[in-house]
Amino acid sequence: MSSVNKGDSTVANHRKSFRPNSEGKVLLVILGVLVALGGGIATLMYPSASNQGYAPDQPIPFSHKLHAGQYKVACTYCHTGVEKSKHATIPSLNVCMNCHSVVKTDSPYIKKIRESFAAGKPVEWVRVHELPDFVYFPHKRHVAKGVACQTCHGEVQTMDKVYQATPMNMGWCMECHRGKTTPRNVVAEISKINPHVNDPSYRHKPIASVQCAACHH
Ligand code: HEC
Ligand code: HEC
Ligand code: HEC
Ligand code: HEC
Ligand code: HEC
């Protein structure tokens, strides 16, 4: 499927900024107190790096703005796994060929796609989003409760080149699971099964699991 190339140097640089020097330590303590006041104990104990903004070049400049925006091709037409499995999946070239066997065949990029397809060679797309191996993230569970792709990935249908729009670190996952940043439509969906989430006295109670084992097993 997609090749794994996270631009290690970028990741390393991000991590470095969390290595405390003496000033950094003071800053971390202050930051920690603020975070703790906000109720983010786990976030305080486990600060983590983020690849927000990461936007690698792709072997073929595939544009979501053109396909998903202008031509309104549904996300699920290409990312077929997203409603039924853990992975969203990247489409194989036969999906592209559904259109490009006739559309824009004179383009050098489409020629490259056609040749790779004929040779049975997949395009080596560079991964944009990737959580560490010790994190479990199921797409299906989120999509089933009405969390929009854009809540986590930003306005992909306006992007010529996909970039990581949100932090996707533990604190970010937790804020939504705790009910603090949960979109209204998702709260409404969950309240069908658990009416308490719409009770005002229940505010900021978890709408999804905050148990360590839910995301780490
Ligand atoms: C539903 C039809 C459809 C599918 C499926 C589709 N495309 Fe396209 N694609 C288009 C249309 C329409 C254009 C714009 C053609 C034009 O500018 O005349 C386009 C343009 C492009 C271009 C720009 C070509 C150029 O030189 O201007 C690239 C690259 C491209 N598509 C790649 C892909 C890839 C890779 C896939 C599979 C992941 C794919 N397309 C799947 C319809 C599709
Ligand atoms: C015509 C096929 C097509 C459609 C429609 C499409 N995508 Fe994609 N998507 C791709 C391809 C091919 C890639 C890999 C290349 C890239 O990252 O640009 C990709 C990559 C992505 C990525 C980055 C994956 C990674 O490496 O982490 C996200 C997120 C994404 N798409 C979300 C969406 C969303 C949301 C929509 C609907 C608004 C959508 N896509 C519609 C083909 C498509
Ligand atoms: C709750 C947040 C969230 C929602 C909602 C979400 N994604 Fe993702 N997506 C992620 C995370 C986190 C990753 C990285 C997963 C990993 O590395 O294991 C990811 C990865 C991806 C990838 C890379 C391939 C893969 O399967 O890992 C694609 C493509 C993608 N998402 C498309 C979509 C589309 C399309 C939708 C909407 C139908 C969507 N996502 C909804 C958080 C989300
Ligand atoms: C915008 C809100 C939102 C974000 C952000 C989010 N989630 Fe979720 N998560 C949900 C909802 C809603 C559910 C479904 C709860 C249900 O089915 O009742 C869920 C369910 C889950 C489950 C299944 C829990 C169980 O009880 O089995 C896991 C695992 C999970 N999320 C992991 C993650 C991880 C990891 C991240 C960050 C990378 C993340 N989530 C980010 C809203 C979110
Ligand atoms: C809703 C999902 C979720 C829950 C619940 C969760 N985590 Fe995490 N955790 C993550 C994600 C995502 C990362 C990866 C963060 C990154 O790489 O930026 C992570 C990273 C970590 C790390 C590595 C820290 C680092 O700096 O990379 C530790 C340790 C950790 N979690 C412990 C815990 C403990 C202990 C709990 C229970 C109190 C817990 N987690 C609950 C999602 C979760």
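No lab work stands behind these numbers, since they all come straight from the coordinates. If you're wondering where the values come from, they're calculated on a predicted model, not measured in any experiment. Virtual Cβ from ideal backbone geometry, glycine too; neighbours counted across all protein chains shown.
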Given the peptides 71-80, 97-106, 147-156, arrange them by the average over their residues of other C-beta atoms within 10 Å, most packed first. 147-156, 71-80, 97-106
Could you tally the net charge around ASP57, taking each other residue with its Cβ under 13 Å from the Cβ of ASP57, Lys/Arg +1 and Asp/Glu -1? 0
So what does the Cα-only Debye profile of the range 110-163 read at q = 0.15, 0.16 Å⁻¹, as log10 I(q)/I(0), no solvent term? -0.71, -0.78
At what distance in angstrom do the alpha carbon centres of the range 48-79 and the range 89-107 lie from each other? 16
Cα centroid separation, the range 110-143 to the range 155-181 (Å): 19
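So if R0 is 35 Å, what FRET efficiency would HIS196 and SER85 give, r being the distance between their Cβ atoms, rounded to the nearest 0.05?
Working: r = 30 Å, r/R0 = 0.85.
Calculated transfer efficiency: 0.75.
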So for the range 92-217, if I pair up every lysine 8 or more residues apart or on another chain, how many of those pairs have alpha-carbons under 26 Å apart? 18
A chain fully extended from ASP106 to PHE134 at 0.36 nm per residue, minus the present Cα-Cα distance, gains in nm 5.6 nm
Based on the alpha-carbon gyration tensor of the range 151-194 and its eigenvalue square roots a ≥ b ≥ c, which shape applies: rounded if a/c is under 1.5, prolate if not and a/b is larger than b/c, or oblate? oblate
Working note, the range 62-217: Cα radius of gyration (Å, one decimal) and Dmax (Å, whole number) are 18.9, 62
